[in-house]
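Everything on this sheet refers to the single structure shown next.
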Amino acid sequence: MIKDKVVVSRYAEAFLSFARANCGIDKALEDLVIVKNIIRDNSGFKQLLDNPEISYTEKCAIIDLVIKDGFSDELRNFLKLLLEKKRFNIFLDVAEYLRAKYGHHGQVDVLLRTAFPLELDLIQRIESALEKKFKQSLRFYIDLDGDLLGGVQVVIGNTIIDGSVKKRLEELRDKLTIVRMA
(Lines give C-alpha, C1' and ligand atoms only; values in the text may rest on other atoms or scores of the structure.)
Protein backbone atom coordinates (compact mmCIF):
# COMPACT_ATOMS: atom_id res chain seq x y z
CA MET A 1 0.00 0.00 0.00
CA ILE A 2 2.75 2.48 0.89
CA LYS A 3 4.47 1.73 -2.41
CA ASP A 4 1.22 2.60 -4.24
CA LYS A 5 1.00 5.92 -2.38
CA VAL A 6 4.57 6.73 -3.36
CA VAL A 7 3.85 5.91 -7.02
CA VAL A 8 0.67 8.02 -6.96
CA SER A 9 2.39 11.01 -5.38
CA ARG A 10 5.34 10.82 -7.80
CA TYR A 11 3.15 10.69 -10.89
CA ALA A 12 0.88 13.43 -9.50
CA GLU A 13 3.73 15.79 -8.66
CA ALA A 14 5.44 15.10 -12.01
CA PHE A 15 2.22 15.86 -13.90
CA LEU A 16 1.68 19.06 -11.94
CA SER A 17 5.27 20.17 -12.47
CA PHE A 18 4.91 19.60 -16.21
CA ALA A 19 1.51 21.33 -16.33
CA ARG A 20 2.73 24.29 -14.24
CA ALA A 21 5.37 25.06 -16.84
CA ASN A 22 2.93 24.78 -19.75
CA CYS A 23 -0.81 25.25 -19.21
CA GLY A 24 -0.79 26.34 -15.55
CA ILE A 25 -1.91 24.66 -12.32
CA ASP A 26 -5.47 25.99 -12.39
CA LYS A 27 -6.15 24.72 -15.92
CA ALA A 28 -4.50 21.36 -15.17
CA LEU A 29 -6.54 20.82 -11.99
CA GLU A 30 -9.76 21.92 -13.70
CA ASP A 31 -9.21 19.49 -16.59
CA LEU A 32 -8.20 16.73 -14.19
CA VAL A 33 -11.44 17.02 -12.22
CA ILE A 34 -13.57 16.89 -15.37
CA VAL A 35 -11.75 13.84 -16.75
CA LYS A 36 -11.84 12.16 -13.33
CA ASN A 37 -15.63 12.58 -13.31
CA ILE A 38 -15.90 11.26 -16.88
CA ILE A 39 -13.91 8.15 -15.99
CA ARG A 40 -15.64 7.62 -12.64
CA ASP A 41 -19.16 8.09 -14.06
CA ASN A 42 -18.59 6.03 -17.22
CA SER A 43 -17.27 2.63 -16.21
CA GLY A 44 -17.32 1.53 -19.85
CA PHE A 45 -14.72 4.16 -20.73
CA LYS A 46 -12.37 2.92 -18.00
CA GLN A 47 -12.94 -0.71 -19.04
CA LEU A 48 -12.15 0.24 -22.61
CA LEU A 49 -8.84 1.80 -21.59
CA ASP A 50 -8.03 -1.16 -19.30
CA ASN A 51 -8.81 -3.73 -22.01
CA PRO A 52 -5.60 -5.61 -22.93
CA GLU A 53 -7.04 -6.56 -26.35
CA ILE A 54 -7.03 -2.92 -27.47
CA SER A 55 -3.61 -1.67 -28.57
CA TYR A 56 -1.84 1.30 -27.04
CA THR A 57 -2.20 3.22 -30.33
CA GLU A 58 -5.96 2.63 -30.41
CA LYS A 59 -6.28 3.73 -26.77
CA CYS A 60 -4.37 6.93 -27.56
CA ALA A 61 -6.73 7.57 -30.47
CA ILE A 62 -9.70 7.08 -28.11
CA ILE A 63 -8.23 9.58 -25.66
CA ASP A 64 -7.66 12.08 -28.48
CA LEU A 65 -11.24 11.57 -29.65
CA VAL A 66 -12.96 11.81 -26.25
CA ILE A 67 -10.71 14.31 -24.48
CA LYS A 68 -10.19 17.00 -27.07
CA ASP A 69 -11.86 20.42 -27.19
CA GLY A 70 -11.01 22.62 -24.24
CA PHE A 71 -8.70 20.12 -22.54
CA SER A 72 -4.98 20.69 -22.23
CA ASP A 73 -2.45 18.73 -24.24
CA GLU A 74 -0.64 18.12 -20.95
CA LEU A 75 -3.57 16.11 -19.59
CA ARG A 76 -3.91 14.07 -22.78
CA ASN A 77 -0.19 13.33 -22.75
CA PHE A 78 -0.35 12.37 -19.07
CA LEU A 79 -3.16 9.89 -19.73
CA LYS A 80 -1.17 8.40 -22.60
CA LEU A 81 1.89 8.12 -20.35
CA LEU A 82 -0.14 6.25 -17.75
CA LEU A 83 -1.37 3.88 -20.48
CA GLU A 84 2.14 3.37 -21.84
CA LYS A 85 3.54 2.58 -18.37
CA LYS A 86 0.53 0.33 -17.64
CA ARG A 87 -0.42 2.53 -14.69
CA PHE A 88 -3.78 3.85 -15.87
CA ASN A 89 -5.35 2.19 -12.82
CA ILE A 90 -3.82 4.92 -10.59
CA PHE A 91 -5.37 7.85 -12.48
CA LEU A 92 -8.30 8.32 -10.08
CA ASP A 93 -5.89 8.18 -7.11
CA VAL A 94 -3.61 10.75 -8.78
CA ALA A 95 -6.59 13.03 -9.40
CA GLU A 96 -7.75 12.70 -5.78
CA TYR A 97 -4.22 13.31 -4.47
CA LEU A 98 -3.91 16.52 -6.51
CA ARG A 99 -7.41 17.69 -5.58
CA ALA A 100 -6.69 17.19 -1.89
CA LYS A 101 -3.27 18.82 -1.98
CA TYR A 102 -3.78 21.66 -4.46
CA GLY A 103 -7.55 22.05 -4.74
CA HIS A 104 -7.57 25.24 -2.68
CA HIS A 105 -4.66 26.87 -4.54
CA GLY A 106 -2.12 25.23 -2.25
CA GLN A 107 -4.04 25.88 0.93
CA VAL A 108 -4.60 23.05 3.38
CA ASP A 109 -7.84 22.81 5.36
CA VAL A 110 -7.47 23.03 9.14
CA LEU A 111 -10.18 22.38 11.70
CA LEU A 112 -9.71 24.35 14.91
CA ARG A 113 -11.94 22.90 17.60
CA THR A 114 -12.48 24.88 20.78
CA ALA A 115 -14.87 24.73 23.72
CA PHE A 116 -15.43 28.49 23.75
CA PRO A 117 -15.25 31.27 21.13
CA LEU A 118 -11.70 32.61 20.76
CA GLU A 119 -10.63 36.19 20.19
CA LEU A 120 -9.58 37.04 16.64
CA ASP A 121 -5.98 37.93 17.55
CA LEU A 122 -5.53 34.54 19.30
CA ILE A 123 -6.87 32.73 16.23
CA GLN A 124 -4.47 34.72 14.04
CA ARG A 125 -1.51 33.82 16.32
CA ILE A 126 -2.46 30.13 16.17
CA GLU A 127 -2.79 30.36 12.37
CA SER A 128 0.58 32.08 12.01
CA ALA A 129 2.35 29.55 14.26
CA LEU A 130 0.85 26.59 12.39
CA GLU A 131 1.70 28.02 8.95
CA LYS A 132 5.27 28.49 10.12
CA LYS A 133 5.42 24.96 11.59
CA PHE A 134 3.89 23.20 8.56
CA LYS A 135 5.38 25.60 5.97
CA GLN A 136 2.05 25.75 4.10
CA SER A 137 -0.79 28.17 3.59
CA LEU A 138 -3.73 27.09 5.74
CA ARG A 139 -7.48 27.62 5.46
CA PHE A 140 -9.08 27.61 8.92
CA TYR A 141 -12.49 26.33 9.94
CA ILE A 142 -13.60 26.77 13.53
CA ASP A 143 -15.83 24.31 15.38
CA LEU A 144 -17.22 24.98 18.83
CA ASP A 145 -17.21 21.71 20.81
CA GLY A 146 -18.20 21.84 24.48
CA ASP A 147 -16.95 18.27 25.01
CA LEU A 148 -13.37 19.57 24.96
CA LEU A 149 -14.04 21.36 28.29
CA GLY A 150 -11.38 23.97 27.42
CA GLY A 151 -8.26 24.44 25.31
CA VAL A 152 -8.09 23.73 21.59
CA GLN A 153 -7.69 20.82 19.22
CA VAL A 154 -6.27 21.29 15.72
CA VAL A 155 -6.88 18.80 12.91
CA ILE A 156 -4.68 19.13 9.80
CA GLY A 157 -5.19 16.17 7.46
CA ASN A 158 -4.15 13.11 9.46
CA THR A 159 -2.39 15.17 12.13
CA ILE A 160 -4.16 16.05 15.38
CA ILE A 161 -2.67 18.49 17.85
CA ASP A 162 -4.70 18.12 21.02
CA GLY A 163 -4.29 20.76 23.71
CA SER A 164 -7.77 20.30 25.15
CA VAL A 165 -8.57 19.97 28.83
CA LYS A 166 -10.41 16.74 28.02
CA LYS A 167 -7.21 15.22 26.58
CA ARG A 168 -5.16 16.34 29.58
CA LEU A 169 -7.68 14.79 31.97
CA GLU A 170 -7.57 11.52 30.02
CA GLU A 171 -3.75 11.50 30.21
CA LEU A 172 -3.87 12.20 33.96
CA ARG A 173 -6.38 9.35 34.43
CA ASP A 174 -4.07 6.98 32.52
CA LYS A 175 -1.06 7.98 34.65
CA LEU A 176 -3.03 7.52 37.87
CA THR A 177 -4.17 4.08 36.69
CA ILE A 178 -0.54 3.07 36.06
CA VAL A 179 0.55 4.38 39.48
CA ARG A 180 -2.32 2.53 41.18
CA MET A 181 -1.30 -0.75 39.51
CA ALA A 182 2.35 -0.41 40.61
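The values are calculated or read from the model by the stated rules, or taken from the named source; none is laboratory data. All values reported here derive from a predicted model rather than from experimental measurement. All Cβ positions, glycine included, derive from the backbone under ideal geometry; neighbour counts span all protein chains shown.
Taking (1) of a type outside the set (D, E, K, R); (2) part of a helix (DSSP H, G or I); (3) within 24 Å of the chain's Cα centre (by Cα); (4) buried (at least 16 other Cβ atoms within 10 Å of the Cβ) in turn, Leu92 satisfies each apart from (4). Of the helices (runs of 4 or more DSSP H) lying entirely inside segment 1-87, those carrying at least 1 residues that are under 19 Å from the mean Cα position of the chain (by Cα), without any contact (Cβ under 8 Å) to a residue 40 or more places away in the chain and in the same structural domain as Leu98 (by TED's automatic domain parsing) are 2-22, 25-41.
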